[in-house]
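Single-structure report; data block below.
What follows draws every value from the coordinates through simple rules; no lab data is involved. What you are looking at is a predicted structure, and each value in this text was computed from that prediction instead of being measured. Reconstructed Cβ throughout: ideal geometry from the backbone, glycine too, with neighbour counts over all protein chains shown.
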Amino acid sequence: MEDIGGVRVILPQQFQVDAVVDSIERARAWSVRRVRRYIEGGVPGPKEDGYRAVHMVVTKDGHYVEIQFRTPYQDSWAQSVEQDTRRLGAGLKFGGGPGDLREYYKLVSEYFMLREQNFEAPKELMEDLAKSYAATRRYFADTTE
């Protein structure tokens, strides 16, 4: 770990995230050490598990600060994975846990990305998501009653 501080910024739309990141990259007050765009069209792109966000490490007065930029959909997805990682002890956040649950979150991420862009999700995605949802409810049996 190289940063000594961190902040998470939630902005309503991806274009707003991109605008703020671009603005920081141009600002003279900060030295940008690294930017990772875990989004469509970004480098390196969405993570295999479906994680989407933009991470930026900046240097200010010799100190590193990591800034995570997310949209509300991206944040909701990440918070759910984090919560289920803790609750199930499944390591979902780190690529572990049951394969069907990892696949479920991947599908949810795809669905969220489409909704965020105001696209209608394809019928096949919705069918796969419904099947995956039904198949993974056993992990949540104690929380749904």
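Data for the structure
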| quantity | calculated |
| --- | --- |
| Crossing angle, helix 99-116 versus the chain [Cα axis fit, 0-90 degrees, rounded to tens] | 60 |
| Ranked Ile4, Ile39, criterion: other C-beta atoms within 10 Å, fewest first | Ile4, Ile39 |
| Amide H partners (placed H, <5 Å) of Ala53, local residues excluded | Tyr38, Ile39 |
| Relative contact order computed over the chain (Cα-Cα under 8 Å; 6+ residues apart), in percent | 21 |
| Rough spin-label spacing in nm, given labels placed 7 Å along Cα→Cβ, for Asp61 and Ala130 | 5.7 |
| Extension gain, Ser80 back to Lys47 (0.36 nm per residue minus Cα-Cα distance, nm) | 10.3 nm |
| The chain, dipole about Cα centre (Lys/Arg Cβ +1, Asp/Glu Cβ -1), debye to the nearest 20 | 340 |
| Between the range 105-129 and the range 17-41, the Cα center-to-center distance that results, in Å | 27 |
| Angle between the chain longest axis and helix 14-26 axis [Cα atoms, degrees, rounded to 10] | 20 |
| Degrees between helix 123-136 axis and first principal axis of the chain (Cα, 0 to 90, nearest 10) | 70 |
